[in-house]
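Report on the following structure.
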Amino acid sequence: MKRVSRKALKAGTLAAWALTAAGAAAQVPGPGNFTPANPDSALAKLGQRLLNNGIYLRSNYTGDAAGNVSGGHKQGADYADELNLGADINMQTLAGIPGGALHVTVTGRTGRDISIDTVGNNVLANQIYGGQGIRLSELTWDQSLLQGRLDIIAGRMNDAIFGTSPINCNFMTNAFCGHVDSMFRAVGLVAYPYATWGQRTTIKLNRTLNLMIGTSEVNPKQSAYGRNDLNFTLQNDTGVVVPVELDYTTNFQQSAYPTAIQLGGYWDSSKYSDPAYNTAGQPLASAGGKAATHWGRTGVYAFFNQVVYRPDPASTRNLRIFGGFTHSLDTPEEIQWGGDVGALYTGPFASRPYDTIGLLGTVMHFGGRELTYLKQERALAGGSGTPAANEYIFEVNYGIQANDWLRVLPNVQYVLNPDNLAHPKQASATPNALIFGVQLSVNLVRLAGLPQKVFSH
C-alpha cells in the first residue's frame with residue numbers, strides 16, 4: 001500500500017475535527033441571509049456599510065480528502081482544496097445605474113486528485129480538483145431589463161449554469177457536482193473555475209418558466225496548468241459553443257411539492273480530434289500519426305428533480321428524487337451519452353433540518369470509436385477483448401451543517417469499470433475502486449462575522 005502523505009494525514013485530522021464539531025453542533029441557521037451574532041463588531045459594521053452600498057461579499061474554502069482503499073491501479077490518498085474570493089456589486093445602489101451589476105470571482109486551487117493518481121479514471125472523485133493555481137474565474141457585467149423579465153450577463157465567464165442544479169453539489173464526485181460531467185466532457189462548454197469570453201441571456205417567460213441562450217468562446221488552452229485566465233485575446237480560440245436551455249421551476253411558496261425541469265441542447269463550432277483514426281484513416285494506436293480532425297458538435301440533455309415527500313408541511317424538510325440524460329449526436333466522441341439518478345433528503349431529522357442524506361448513481365457510455373481505440377491499445381499491450389462500454393460511479397453521503405459557516409460531507413464512492421481514457425496502454429481492465437472521502441465547506445464571510453445577503457438587483 002502506498003504510504004499516506006503528510007498532507008493527506010493533515011486532511012484526515014482536519015476532517016476528524018470537523019466531524020467532532022458537527023456531532024456536537026446544535027440546530028443552526030440554514031442558507032440565505034445572515035446577520036452576525038455581534039452586529040456591533042468592527043467587521044460587522046464594515047460589512048454592513050458595504051451592503052448598504054450594494055457590495056455583496058463572497059468567500060469560501062472547500063477541501064476534498066479522499067482515499068482509495070481497494071481497486072484501481074494502486075491504493076493511496078489525496079487532498080485538493082480551493083479558496084475563492086468574490087463580490088457581487090449592485091451598480092444601481094452604488095452608482096445609480098438601473099438594473100446593472102458587476103460580478104468578480106478569483107479562485108485559487110491546490111492539491112491532487114485520487115482518480116488521477118491511483119484509480120486511473122477520468123471522472124474525478126475529488127470534485128474540487130481542476131484548474132490548479134490562481135485564476136480569474138469571473139469578471140462580468142450583468143444587466144437586468146424590462147422590469148426583470150430580461151437579463152443579459154457578459155464578460156469573462158463559464159457555462160456551468162447550463163445543465164446544473166443547486167442540489168448537484170450535495171455530492172463530492174465530479175460526475176455530478178457543479179455540472180454533469182458527461183455533458184461537459186462531450187463539448188467545448190466552459191466549466192468552473194475556467195473563464196473565457198461569453199454571454200448569457202435569460203428571458204423570464206413567466207413566474208416558473210425561463211429560457212436561457214448562451215454564447216462562449218471555445219479555448220482549449222485555458223485549461224492548461226498554471227494559466228490564470230488573464231489572457232483576454234482570442235488568439236487561441238477554436239470556435240464558439242451555443243447552449244440553449246428551457247427551465248421550469250417551482251418553489252415552496254408556489255407548490256407543496258416543488259418541481260424543476262431542464263431541457264436543453266448545444267451546438268459547438270470548434271474542431272476536435274478523432275479518438276481512433278489518423279488523418280490517413282488508419283488506426284491511431286498502431287499507425288500513429290496525427291488524429292483526424294472534425295468540426296462541429298451537437299447534443300441534447302434533460303434533467304429533473306421533484307419533491308416527493310415532506311415529513312412536516314410547516315418546514316422545508318423534504319425528500320427529492322432526481323435524474324437526467326445527456327446525449328452527443330456525433331459519432332467521433334469519447335463520451336456518447338450519460339445518465340444520472342438519485343435522491344436527496346434534506347432535514348432527515350427534525351433536530352437537523354439542514355443536514356442531508358444523498359444517494360447518486362451515474363453512468364457514462366463511451367463512443368464506438370473510443371472503444372475501438374482502447375481495444376487497439378489493449379491488443380498492442382498484450383491483452384485481448386474490448387473494454388467495458390459503460391463506467392458507473394456511485395456515491396452515498398451524509399451532509400452535516402455543523403454551524404452557520406461549516407458544512408462537512410463524509411462520503412463513500414464506488415467506481416465500476418473505471419475507464420482507461422487517461423491510461424489506455426493496458427493489457428487488462430482496471431479493478432473496480434472503493435473510495436472513502438470527506439468534503440469540508442467553510443463560508444469565510446460568516447466565519448469572519450460579516451453580514452451576508454443573497455445578491456439581487
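Scanning region 368-384 finds no residues that are assigned to a loop (DSSP other than H, G, I, E, B), modelled with pLDDT under 90 and crowded, with 21+ Cβ neighbours inside 10 Å. Restricting region 403-420 to residues that are at pLDDT below 95 and buried (at least 24 other Cβ atoms within 10 Å of the Cβ) leaves a set whose member that is farthest from residue 363 (Cα to Cα) is 420. Scanning region 72-120 for residues being under 23 Å from the mean Cα position of the chain (by Cα), polar (S, T, N, Q) and closer than 29 Å to residue 414 by Cβ gives a total of 3. For region 140-168, residues that are in contact with a Leu (Cβ under 9 Å, 6 or more places away or on another chain) and over 21 Å from residue 328 (Cβ atoms) total 12. If only residues of region 126-159 that are among the aliphatic types (A, V, I, L, M) and touching an Asp or Glu at 6+ places or on another chain (Cβ under 7 Å) are counted, the one that is surrounded by the fewest Cβ atoms within 10 Å (Cβ to Cβ) is 136. Filter region 386-429 for residues that are among the hydroxyl-bearing types (Ser, Thr, Tyr), outside any loop (DSSP other than H, G, I, E, B) and touching a residue at least 40 places away in the same chain (Cβ under 8 Å) and give the result. Result: 398, single match. Residues satisfying the criterion are present in region 56-77 (criterion: surrounded by 23 or more Cβ atoms within 10 Å (Cβ to Cβ), part of a strand (DSSP E or B) and of a type in the set (Asp, Glu)).
Any chance region 264-286 includes a residue that's touching a residue at least 24 places away in the same chain (Cβ under 8 Å), among the polar types (S, T, N, Q) and crowded, with 20+ Cβ neighbours inside 10 Å? No, region 264-286 contains no residue that is touching a residue at least 24 places away in the same chain (Cβ under 8 Å), among the polar types (S, T, N, Q) and crowded, with 20+ Cβ neighbours inside 10 Å.
The values are calculated or read from the model by the stated rules, or taken from the named source; none is laboratory data. Keep in mind that this is a model prediction, so the values were computed, not measured. Note that each Cβ is placed from the backbone with ideal geometry, even for glycine, and that neighbours are counted across all protein chains shown.
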